[in-house]
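The structure appears right after this line, and notes come after that.
The values are calculated or read from the model by the stated rules, or taken from the named source; none is laboratory data. These numbers come from a predicted model, not from an experiment. As a convention, Cβ positions derive from the backbone with ideal geometry for all residues, glycine included, and neighbour counts pool all protein chains shown.
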Amino acid sequence: MKALTEHYPVNVLCAAFGVSRSGYYAWLARPPSARAQVDAELTSRLCQAHDASRRTYGSPRLVIELRRQGQRVSRRRVQRLLRAVGRRGLQPQRWVPRTTDSRHAQPIAPNRLAEVPAPRQRDQIWVTDITYVPTDEGWLYVAGVMDRWSRRVVGLAMAEHLRTELVSAALHQARTQRQPAHGCLHHSDRGCQYASTEYRRLLAAHGLEASMSRAGNCYDNAAMESFWSTLKNELVHRQTFATRAAARAAIFEYVEVFYNRQRLHSALGYRSPVDFENQNN
């Protein structure tokens, strides 16, 4: 009724709803109930947590975040409060895995990833891949290296081209940061960059064991493909990049500041990759 007073006289509204003017003004002056006050405080915390997630989190992650702040809250209540303020989690677009054209004459490594158990610590298995980001200047190609255990992106390189130097730069960054022991499994698709003589020599020189997905099967490298899907949904599809430099800066910031250090990952018990590593070292 309060909102209707902007369009209709109070006496007309009171008559329509069957209440007295004095009763309406008494209700208007009444302080919020204890429940309403708690909801208001909780809504404020909820909005802060949602903003901190770059407005990507839905109710499951927001419940985890609020409980870690000491709030006793249910998912249903969070959903209700989100709806009341017109907020919602980011709805991911359908993930369409990309297959790689492996029509080249370079040697193909076996799919060793399918033969080994899940990693139990960092730097046992690395997965790597390339994706494409549109800009007004043209495509920006992004190569990443991820630790399969913690889902942390440990190597990242971007360029205007798809030459082997791109994936080599991502691997070099990963090697510089992590320095894995001899025998770390390196899994990729069958792309010509990963099968090239130059790249195979680089793997051998650093004691990394090559593994490649089956032909046309992106699900063999699902963890890396899933990361690209997250990057596209939470960053790339939400804005337009005028230049490759702008895209480069935004992607680097998203990966190093948000994804690796802040974003709660369901497969890691709703911890960020960095927190997961720190808590399990």
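Got at least one residue in the stretch 168-177 being crowded, with 20+ Cβ neighbours inside 10 Å and within 21 Å of the chain's Cα centre (by Cα)?
yes
SER211 versus (1) touching a Lys or Arg at 6+ places or on another chain (Cβ under 6 Å); (2) farther than 22 Å from ALA49 by Cα; (3) in a helix (DSSP H, G or I); (4) of a type outside the set (Lys, Arg): which is the lone unmet condition?
Condition (3) is where SER211 drops out.
Which residue is nearest to ALA118 (Cα to Cα), if the candidates are limited to the stretch 178-213 and must be surrounded by fewer than 16 Cβ atoms within 10 Å (Cβ to Cβ) and among the aliphatic types (A, V, I, L, M)?
ALA181
Within the bounds of the stretch 219-226, is there any residue that is at pLDDT 95 or above, hydrophobic (A, V, I, L, M, F, W, C), touching a strand residue (DSSP E or B) at 6+ places or on another chain (Cβ under 9 Å) and buried (at least 19 other Cβ atoms within 10 Å of the Cβ)? Full working, then the answer.
Kept after step one, since they are at pLDDT 95 or above, are these residues of the stretch 219-226: none.
Among the residues of the stretch 219-226, not one is at pLDDT 95 or above, hydrophobic (A, V, I, L, M, F, W, C), touching a strand residue (DSSP E or B) at 6+ places or on another chain (Cβ under 9 Å) and buried (at least 19 other Cβ atoms within 10 Å of the Cβ), which makes the answer no.
Those residues that are exposed (fewer than 13 other Cβ atoms within 10 Å of the Cβ) and either farther than 26 Å from HIS161 by Cβ or within 11 Å of the chain's Cα centre (by Cα) (or both), I need them from the stretch 239-270; list them, please.
Passing the criteria: VAL257, SER266, ALA267, GLY269.
Results for (1) on the phi > 0 side of the Ramachandran plot; (2) free of Cβ contacts under 8 Å to residues at least 24 places away in the same chain; (3) assigned to a helix (DSSP H, G or I), shown as yes or no for each residue.
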{"residue": "GLN193", "(1), (2), (3)": "no, no, yes"}
{"residue": "GLY207", "(1), (2), (3)": "yes, no, no"}
{"residue": "GLU225", "(1), (2), (3)": "no, no, yes"}
{"residue": "ALA249", "(1), (2), (3)": "no, yes, yes"}
{"residue": "VAL257", "(1), (2), (3)": "no, yes, yes"}
{"residue": "ARG261", "(1), (2), (3)": "no, yes, no"}
{"residue": "VAL274", "(1), (2), (3)": "no, no, yes"}
